[in-house]
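Nothing in this text is a laboratory measurement; each read-out follows from the coordinates by a stated rule. Every value quoted in this text rests on a predicted model; they were computed, and no experiment measured them. Glycine also receives a Cβ, built like all others from the backbone with ideal geometry; neighbour counts cover every protein chain displayed.
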Amino acid sequence: MLCLRSKTEDAWLQRAIANTREILVDHAHCERKAATQALMLLGRFPDASALVDPMLALAREELEHFELVLALLRQRGWTMDSLPPSGYQAQLHAHCRKHMPGKLVDLLLVAALIEARSCERFKLLADHHPDGELRTAFGGLLAAEARHHGLFVRLAGQYDDPVAVRARLDELAHAEVAVLDSLSPMARIHA
Ligand SMILES: [Fe+2]
Ligand SMILES: [Fe+2]
């Protein structure tokens, strides 16, 4: 169960399909950032020993996803250009508490929500994108993103009372909807 508090509308899917190159470039950046952020958590919280093995494994897996998306881009003659960010991640991170242990719990829960939204939208692309190869690729990735969602929620539960973590996840899930609603419509996985 993904804990999202809104369902992606058809307008997002139509925009994604009409701007497939941009969505794939953005997706490549998302996978790169997911790998980087797994390692960044280890740098920011060196004492959080429960994170070490899962974040190393996650960084490796996200790098594999990154390579896969790069291959999809190259096969289509596209390159990984820079893209202006939608502001989604920055706005979500602004909701995170500033002091421990809430700070770590919130960063893990925000990561869980980002994975959940990716998973929800990959499912739409896996079901509806006109390019069969992309349908297969997105279908292959969505199970991993659902697993990552669960991983981040479980890890957050190691740094606070699990009931409080669930309640905080729900608060942040509501915030995630407000963030999405505030963004201008761009062809991004998270916009
Ligand atoms: Fe991924
Ligand atoms: Fe992921």
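Structure notes:
- Thr36, sole failed condition from (1) touching a residue at least 40 places away in the same chain (Cβ under 8 Å); (2) within 14 Å of ligand 2 (Cβ to nearest atom); (3) among the polar types (S, T, N, Q): (1)
- The residues listed here are Arg168, Arg154, Arg135, Arg147; of these, the one that is free of Cβ contacts under 8 Å to residues at least 12 places away in the same chain, farther than 22 Å from Ala11 by Cα, away from ligand 1 (no atom under 16 Å from the Cβ) and surrounded by 13 or more Cβ atoms within 10 Å (Cβ to Cβ) is Arg154.
- Close pairs from the stretch 52-69: first β-branched (Val, Ile, Thr), partner assigned to a helix (DSSP H, G or I) and within 12 Å of ligand 2 (Cβ to nearest atom), Cβ under 7 Å, at least 6 apart: Val69/His27; Val69/Glu31
- Qualifying residue in the stretch 76-86 (condition: within 14 Å of ligand 1 (Cβ to nearest atom), hydrophobic (A, V, I, L, M, F, W, C) and closer than 17 Å to Ala16 by Cβ): no
- Residue selected from the stretch 50-104 under the condition of a type in the set (Gly, Ala, Ser) and not in a loop (DSSP other than H, G, I, E, B), by the criterion surrounded by the most Cβ atoms within 10 Å (Cβ to Cβ): Ala59
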